[in-house]
Amino acid sequence: MAAPIPDLVTSFARHLRAEGRADRTVALHTQAPRFFAAWLADHGRASDLDQLTQDNLVDWFNHLRDLGQEPGTIRMRHAGMLRFIGWLIAEDELSTNPMAEIRKPASPEKPVPVMSDNDLTALLKACHGRGFLERRDEAIIRFLLDTGIRVAELCGLTIDRDIEGKTIPGTLDLDSGSALVTGKRGKQRVVYFGARTERALDRYLRVRRSHRWAHLDALFLTQRGAMSTDGVRARLELRAEQAGLRDPSNPHRFRHTWAHDFLLAGGQERDLKRLAGWSGEPPIANVTPPVIRSDNMTVFRRPSRSPSIPKMTPPTGRATNPTAKVANAARVPVTGSRLGKNCLFRTSAAAVP
C-alpha cells in the first residue's frame, strides 16, 4: 500500500526542524505537498505516493493558474514540491523524480511598492501619544524603517536583564545605536539605527518598566507576553487603517522601502547584502530605482524630506537624522558587553562618495 502524502509531509516537517529551519520556513516548505494532497482528495483520488505523478502535478499547477494565483506563488509551490520530492528520493520513498520534466514557471519582474513620505508621516502620527501601545508601535515602525530587518528578527530582540545581581546582556544597545539580530539559519549580524529611533526606543523602554511582563527579556511586549510576528503584522495593519492608508502595511514593505532608500542614497549592493542578512545573490532587482508605485510615480526622487522624516544616510534609514558617527566615519566604534569592548564594525557609509 502506498504511503499517504499527509503522513510523509509530517515526517518532512520533522526533517526540516532537525535541520534548524524556522517554523515559518517549515510551514512554507510543507504548504505545496499539503495543498497537492488536498487537491487530490477534492478530485476523488487517493492522497498517496501512487498519485504523485507528472501528469497529476501538471494538472495541479494548471489548476493553480486557473485560480488566478500570481506567478510568484506558483513558483513557490513548484520549489516546495521540488524540495519535498528531493527529500522523498533521499529517504528512498521514491525512485524517480516526477518533477524532472516540469519547468519552473516564469515570473515577470514587478517593482515592489515602497512607502512614501506621506504614508510614513501618517503612520507615525497614528502612533502619537504617551501610552504603552503608542510608544511601542512608534518604536517598531521606526526600527523597521531604520534597519530593514525581518519581522522574526525584530521579535527576537532582547534587552539587558539583572538576575541575582548579574547583568545578562541583551541584543539591543542604545548607547551605540546598534543591535545584534539573529537571521535565517541562526546567522547573526549587527544593524544600526540613528537618533530618532534611539529616542523612540528610549521612550518605549521607560514605559515598559511598569508593564506586567517587564521581567521578560523580549524587547517588545503585549498583554500576553512577548510580541509575536503575527502580533507585529496585526499592529501595523491597525495603524495603517488608522492612518487612512489605501494599502495595508506589513513588515516586509518596510524592508523593501529601506533597501530602496539605501540604494537611492548611494549605498553599494555588497553593503546592502551584508546589512540585510542576504546570503548568495541579494534579491534586489525589484527594489532598485526607478520604482513604480501605486500613485503612478515612476521615479522616487528625494530632494527634500518630510519634516517628520529627516534625510537618510545609509545605513540608518529614513526614520533618523544622519549622525556624525555614521556619516563621517568609515568605521563605527561599537561598545557594549554583548559586542565586545571597542569592537569595530564597518558601515556602508564608507562606500558612499
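Pull out the extension gain between Thr73 and Ala195, defined as 0.36 nm times the separation in residues minus the alpha carbon to alpha carbon distance; nm, one decimal. Before the final figure, lay out the partial values.
On the way: separation 122, 0.36 × 122 = 43.92 nm, distance 3.89 nm.
Gain in length upon complete extension: 40.0 nm.
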Next on the checklist: So with the 1.4 Å probe, I'd like the accessible area per residue for segment 44-112, rounded to whole Å².
Outcome noted: 59
Item to check | Selected from Ala234, Leu201, Ala265, residue furthest toward positive end of dipole (segment 159-284; charges at beta carbon) | outcome: Ala234
Checklist outcome for this item: Judged on accessible area alone, 1.4 Å probe, highest first, Leu174, Leu145 line up as Leu174, Leu145
Checklist entry - Could you give the length gained on full extension between Glu93 and Glu164, defined as 0.36 nm per residue of separation minus the Cα-Cα distance, in nm? => result 20.3 nm
Next on the checklist: Once neighbouring chains are kept in place and the probe is 1.4 Å, which whole percent of the accessible area of segment 129-178 is contributed by carbon and sulfur?
Outcome noted: 47
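The values are calculated or read from the model by the stated rules, or taken from the named source; none is laboratory data. Quick caveat, the model's predicted, so the values are computed rather than measured. Neighbour counts are summed over all protein chains in view; Cβ atoms, including those assigned to glycine, are modelled from backbone coordinates with ideal geometry. Heads up: the accessible areas ignore ligands, DNA and RNA and are worked out on the full protein's heavy atoms, side chains in. Shrake-Rupley method; radii C 1.70, N 1.55, O 1.52, S 1.80 Å.
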